[in-house]
Amino acid sequence: MSSSAARRIGIFGGTFDPVHNGHLRTALEVAELLALDELRLVPASVPPHRGAPLATAMERLRMLELAADANPGFVVDDRELVRGGASYTIDTLRSLRAELGAAARLCLIVGLDAFAAIDTWREWRALAEHAHLVVVQRPGAGLALGEEAGRWAAARLAGDPAAALAGAAHGAILRLELTQLAISATHIRALLAEGRSPRYLLPDAVLDYIRENRIYTRAAAQTGDTD
(Lines give C-alpha, C1' and ligand atoms only; values in the text may rest on other atoms or scores of the structure.)
Protein backbone atom coordinates (compact mmCIF):
# COMPACT_ATOMS: atom_id res chain seq x y z
CA MET A 1 0.00 0.00 0.00
CA SER A 2 1.12 3.57 -0.68
CA SER A 3 1.72 6.14 2.03
CA SER A 4 -1.26 8.28 2.99
CA ALA A 5 0.36 11.29 1.30
CA ALA A 6 0.79 9.54 -2.04
CA ARG A 7 -2.15 7.18 -2.24
CA ARG A 8 -2.84 5.62 -5.62
CA ILE A 9 -6.43 6.23 -6.68
CA GLY A 10 -7.96 4.77 -9.83
CA ILE A 11 -10.84 6.63 -11.48
CA PHE A 12 -13.08 4.58 -13.75
CA GLY A 13 -16.00 6.54 -15.15
CA GLY A 14 -18.82 5.48 -17.40
CA THR A 15 -22.53 5.23 -17.90
CA PHE A 16 -22.68 1.74 -16.35
CA ASP A 17 -26.07 1.00 -17.93
CA PRO A 18 -25.64 -1.63 -16.48
CA VAL A 19 -22.27 -2.30 -14.87
CA HIS A 20 -21.01 -5.70 -16.04
CA ASN A 21 -18.14 -8.13 -15.64
CA GLY A 22 -16.15 -6.52 -18.44
CA HIS A 23 -16.03 -3.28 -16.45
CA LEU A 24 -15.19 -5.08 -13.23
CA ARG A 25 -12.48 -7.30 -14.69
CA THR A 26 -10.75 -4.29 -16.27
CA ALA A 27 -10.96 -2.38 -12.99
CA LEU A 28 -9.54 -5.33 -11.04
CA GLU A 29 -6.61 -5.87 -13.41
CA VAL A 30 -5.66 -2.19 -13.45
CA ALA A 31 -5.88 -2.06 -9.65
CA GLU A 32 -3.56 -5.04 -9.36
CA LEU A 33 -1.06 -3.99 -12.03
CA LEU A 34 -0.69 -0.46 -10.66
CA ALA A 35 -0.97 -1.46 -6.96
CA LEU A 36 -3.84 0.98 -6.45
CA ASP A 37 -5.00 1.71 -2.93
CA GLU A 38 -8.53 2.42 -4.11
CA LEU A 39 -10.50 2.32 -7.33
CA ARG A 40 -13.40 4.71 -7.70
CA LEU A 41 -16.30 3.81 -9.99
CA VAL A 42 -17.84 7.09 -11.15
CA PRO A 43 -21.24 6.92 -12.86
CA ALA A 44 -21.92 9.74 -15.31
CA SER A 45 -24.96 11.94 -14.88
CA VAL A 46 -25.50 12.97 -18.51
CA PRO A 47 -22.80 11.50 -20.78
CA PRO A 48 -21.83 14.12 -23.41
CA HIS A 49 -20.70 11.61 -26.06
CA ARG A 50 -23.61 9.14 -26.18
CA GLY A 51 -27.36 8.85 -25.70
CA ALA A 52 -29.11 9.12 -22.36
CA PRO A 53 -29.01 5.99 -20.16
CA LEU A 54 -32.11 3.82 -19.94
CA ALA A 55 -31.73 3.14 -16.22
CA THR A 56 -32.23 6.10 -13.89
CA ALA A 57 -29.28 7.67 -12.11
CA MET A 58 -30.29 6.09 -8.81
CA GLU A 59 -30.71 2.67 -10.42
CA ARG A 60 -27.26 2.86 -12.01
CA LEU A 61 -25.80 4.00 -8.70
CA ARG A 62 -27.42 1.10 -6.84
CA MET A 63 -26.18 -1.44 -9.40
CA LEU A 64 -22.64 -0.13 -8.98
CA GLU A 65 -22.95 -0.35 -5.21
CA LEU A 66 -24.06 -3.98 -5.46
CA ALA A 67 -21.13 -4.77 -7.75
CA ALA A 68 -18.60 -2.95 -5.57
CA ASP A 69 -19.75 -4.74 -2.41
CA ALA A 70 -17.98 -7.90 -3.59
CA ASN A 71 -14.71 -6.13 -4.46
CA PRO A 72 -12.56 -4.77 -1.61
CA GLY A 73 -10.91 -1.58 -2.72
CA PHE A 74 -13.71 -0.58 -5.08
CA VAL A 75 -15.58 2.57 -4.05
CA VAL A 76 -18.61 4.10 -5.77
CA ASP A 77 -18.20 7.86 -6.18
CA ASP A 78 -21.43 9.71 -6.97
CA ARG A 79 -20.01 13.21 -7.48
CA GLU A 80 -21.09 13.45 -11.12
CA LEU A 81 -24.67 12.48 -10.22
CA VAL A 82 -24.69 15.02 -7.39
CA ARG A 83 -23.26 17.69 -9.69
CA GLY A 84 -25.88 16.94 -12.34
CA GLY A 85 -25.91 18.10 -15.94
CA ALA A 86 -23.39 16.98 -18.53
CA SER A 87 -20.53 14.99 -16.99
CA TYR A 88 -17.15 16.29 -18.08
CA THR A 89 -14.10 14.35 -16.90
CA ILE A 90 -12.00 17.48 -16.41
CA ASP A 91 -14.49 18.77 -13.82
CA THR A 92 -14.33 15.46 -11.96
CA LEU A 93 -10.53 15.40 -11.96
CA ARG A 94 -10.34 18.94 -10.61
CA SER A 95 -12.79 18.04 -7.86
CA LEU A 96 -10.86 14.90 -6.92
CA ARG A 97 -7.51 16.69 -6.96
CA ALA A 98 -8.87 19.39 -4.66
CA GLU A 99 -10.25 16.73 -2.32
CA LEU A 100 -7.28 14.32 -2.28
CA GLY A 101 -4.37 16.77 -2.39
CA ALA A 102 -1.39 17.40 -4.62
CA ALA A 103 0.54 14.21 -3.78
CA ALA A 104 -2.16 11.64 -4.56
CA ARG A 105 -1.49 9.54 -7.66
CA LEU A 106 -4.70 9.89 -9.66
CA CYS A 107 -5.09 7.34 -12.46
CA LEU A 108 -7.85 7.98 -14.98
CA ILE A 109 -8.73 4.69 -16.70
CA VAL A 110 -9.66 5.11 -20.36
CA GLY A 111 -10.45 2.47 -22.98
CA LEU A 112 -8.54 2.56 -26.24
CA ASP A 113 -11.61 3.53 -28.29
CA ALA A 114 -12.37 6.45 -26.00
CA PHE A 115 -8.74 7.54 -25.96
CA ALA A 116 -8.68 7.59 -29.76
CA ALA A 117 -11.22 10.44 -29.55
CA ILE A 118 -9.53 12.22 -26.64
CA ASP A 119 -9.27 15.47 -28.63
CA THR A 120 -13.08 15.72 -28.57
CA TRP A 121 -13.16 15.84 -24.75
CA ARG A 122 -13.60 19.15 -22.97
CA GLU A 123 -10.22 20.71 -22.11
CA TRP A 124 -8.51 17.47 -23.09
CA ARG A 125 -4.99 18.87 -22.88
CA ALA A 126 -5.59 19.71 -19.21
CA LEU A 127 -6.46 16.15 -18.22
CA ALA A 128 -2.81 15.25 -17.63
CA GLU A 129 -2.42 18.28 -15.37
CA HIS A 130 -4.55 16.47 -12.80
CA ALA A 131 -4.04 12.73 -13.39
CA HIS A 132 -2.13 10.05 -15.20
CA LEU A 133 -4.14 8.61 -18.10
CA VAL A 134 -4.20 4.81 -18.03
CA VAL A 135 -5.05 3.55 -21.51
CA VAL A 136 -6.27 -0.05 -21.42
CA GLN A 137 -5.99 -2.00 -24.65
CA ARG A 138 -5.89 -5.48 -26.07
CA PRO A 139 -2.39 -6.93 -26.54
CA GLY A 140 -0.75 -5.61 -29.71
CA ALA A 141 -3.22 -2.79 -30.31
CA GLY A 142 -1.83 0.57 -31.38
CA LEU A 143 -2.87 4.15 -30.70
CA ALA A 144 -4.66 5.84 -33.61
CA LEU A 145 -4.77 9.55 -32.84
CA GLY A 146 -5.04 12.72 -34.85
CA GLU A 147 -1.87 14.72 -35.49
CA GLU A 148 -2.19 17.18 -32.60
CA ALA A 149 -3.39 14.59 -30.08
CA GLY A 150 -0.69 12.22 -31.29
CA ARG A 151 2.06 14.73 -30.50
CA TRP A 152 0.48 15.44 -27.12
CA ALA A 153 0.32 11.74 -26.27
CA ALA A 154 3.83 10.95 -27.54
CA ALA A 155 5.31 13.61 -25.26
CA ARG A 156 3.68 11.98 -22.23
CA LEU A 157 3.85 8.27 -23.03
CA ALA A 158 5.61 6.39 -20.24
CA GLY A 159 7.93 3.53 -21.14
CA ASP A 160 7.69 2.19 -17.59
CA PRO A 161 4.21 2.75 -16.11
CA ALA A 162 5.28 1.71 -12.60
CA ALA A 163 8.18 4.17 -12.54
CA ALA A 164 6.05 7.00 -13.92
CA LEU A 165 3.40 6.42 -11.29
CA ALA A 166 5.96 6.25 -8.49
CA GLY A 167 7.68 9.41 -9.65
CA ALA A 168 4.82 11.85 -10.16
CA ALA A 169 1.23 12.53 -9.14
CA HIS A 170 0.05 13.20 -12.70
CA GLY A 171 1.19 13.91 -16.23
CA ALA A 172 1.95 10.55 -17.87
CA ILE A 173 0.10 8.29 -20.26
CA LEU A 174 0.36 4.69 -19.07
CA ARG A 175 -0.49 1.95 -21.55
CA LEU A 176 -1.64 -1.37 -20.08
CA GLU A 177 -2.32 -4.43 -22.21
CA LEU A 178 -5.23 -6.45 -20.83
CA THR A 179 -7.19 -9.39 -22.15
CA GLN A 180 -10.52 -7.58 -22.01
CA LEU A 181 -13.80 -9.45 -21.86
CA ALA A 182 -16.02 -8.95 -24.92
CA ILE A 183 -19.09 -7.91 -22.95
CA SER A 184 -21.24 -4.88 -23.71
CA ALA A 185 -24.07 -3.19 -21.86
CA THR A 186 -25.94 -2.88 -25.15
CA HIS A 187 -25.93 -6.66 -25.58
CA ILE A 188 -27.05 -7.21 -21.98
CA ARG A 189 -29.95 -4.79 -22.41
CA ALA A 190 -30.95 -6.52 -25.66
CA LEU A 191 -30.96 -9.95 -24.00
CA LEU A 192 -33.16 -8.69 -21.19
CA ALA A 193 -35.56 -6.95 -23.60
CA GLU A 194 -35.88 -10.24 -25.51
CA GLY A 195 -36.59 -12.21 -22.34
CA ARG A 196 -33.23 -14.02 -22.50
CA SER A 197 -30.74 -14.43 -19.68
CA PRO A 198 -27.50 -12.41 -19.40
CA ARG A 199 -26.33 -14.47 -16.43
CA TYR A 200 -22.50 -14.72 -16.11
CA LEU A 201 -22.10 -11.43 -18.01
CA LEU A 202 -22.71 -9.34 -14.89
CA PRO A 203 -22.79 -9.95 -11.12
CA ASP A 204 -25.73 -12.01 -9.87
CA ALA A 205 -26.67 -9.29 -7.38
CA VAL A 206 -26.90 -6.74 -10.20
CA LEU A 207 -28.96 -9.09 -12.38
CA ASP A 208 -31.34 -9.81 -9.51
CA TYR A 209 -31.81 -6.07 -8.95
CA ILE A 210 -32.48 -5.48 -12.65
CA ARG A 211 -35.09 -8.21 -12.72
CA GLU A 212 -36.77 -7.15 -9.49
CA ASN A 213 -37.16 -3.62 -10.82
CA ARG A 214 -37.82 -4.58 -14.47
CA ILE A 215 -35.32 -1.91 -15.47
CA TYR A 216 -34.59 -2.80 -19.07
CA THR A 217 -37.81 -4.59 -19.91
CA ARG A 218 -39.66 -1.53 -18.61
CA ALA A 219 -37.43 0.89 -20.52
CA ALA A 220 -37.64 -1.10 -23.76
CA ALA A 221 -41.42 -1.21 -23.53
CA GLN A 222 -41.65 2.54 -22.96
CA THR A 223 -39.00 3.95 -25.28
CA GLY A 224 -37.46 1.18 -27.38
CA ASP A 225 -33.82 0.17 -26.82
CA THR A 226 -32.05 1.57 -29.86
CA ASP A 227 -28.61 2.38 -28.40
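The values are calculated or read from the model by the stated rules, or taken from the named source; none is laboratory data. The model shown is predicted, which means the values in this text are computed figures rather than measured ones. Cβ placement follows ideal geometry from the backbone for every residue including glycine, while neighbour counts extend to all protein chains displayed. The accessibility values were calculated without ligands, DNA or RNA, using every heavy atom of the protein model including side chains. Shrake-Rupley method; radii C 1.70, N 1.55, O 1.52, S 1.80 Å.
When the criteria are applied in full, Ile90 meets the requirement of being under 16 Å from the mean Cα position of the chain (by Cα) and either on the phi < 0 side of the Ramachandran plot or not small (Gly, Ala, Ser) (or both). Among the helices (runs of 4 or more DSSP H) confined to segment 30-135, the ones with at least 3 residues that are in contact with a Pro (Cβ under 8 Å, 6 or more places away or on another chain) and touching a residue at least 40 places away in the same chain (Cβ under 8 Å) are located at 57-68. Any idea which residue in segment 178-191 is modelled with the lowest pLDDT, counting only those that are open to solvent by 80 Å² or more (accessible area, probe 1.4 Å) and not aliphatic (A, V, I, L, M)? That would be Thr179.
Counting the residues of segment 51-61 that are surrounded by fewer than 17 Cβ atoms within 10 Å (Cβ to Cβ) and either within 17 Å of Leu192 (Cβ to Cβ) or in contact with a Ser or Thr (Cβ under 7 Å, 6 or more places away or on another chain) (or both) gives 1. The residues in segment 121-177 that are acidic (Asp, Glu) and either open to solvent by less than 20 Å² (accessible area, probe 1.4 Å) or modelled with pLDDT of 95 or more (or both) can be counted, and the count is 2.
Of the residues Leu207, Leu201, the single one that is at pLDDT 95 or above and part of a loop (DSSP other than H, G, I, E, B) is Leu201.
Taking segment 27-39 as the range and being within 12 Å of the chain's Cα centre (by Cα) and crowded, with 19+ Cβ neighbours inside 10 Å as the test, the residues that pass are Ala27, Val30, Leu39. Is at least one residue of segment 177-188 over 23 Å from Leu28 (Cβ atoms) and not in a loop (DSSP other than H, G, I, E, B)? Among the residues of segment 177-188, not one is over 23 Å from Leu28 (Cβ atoms) and not in a loop (DSSP other than H, G, I, E, B), which makes the answer no. Please determine whether any residue of segment 204-212 is within 16 Å of Glu59 (Cα to Cα), of a type outside the set (Asp, Glu) and open to solvent by 70 Å² or more (accessible area, probe 1.4 Å). Yes - at least one qualifying residue is present in segment 204-212. Determine, yes or no, whether Glu65 is under 15 Å from the mean Cα position of the chain (by Cα) and either open to solvent by 30 Å² or more (accessible area, probe 1.4 Å) or closer than 20 Å to Glu29 by Cα (or both). So Glu65 passes the test. In segment 143-162, the residues that are farther than 15 Å from Ala116 by Cβ form Cβ pairs under 6 Å with partners that are surrounded by 11 or more Cβ atoms within 10 Å (Cβ to Cβ), at six or more places apart or across chains, as follows: Arg156/Ala128; Arg156/Ala172; Arg156/Ile173; Ala158/Ala164; Ala158/Ala172; Ala158/Leu174; Pro161/Leu174.
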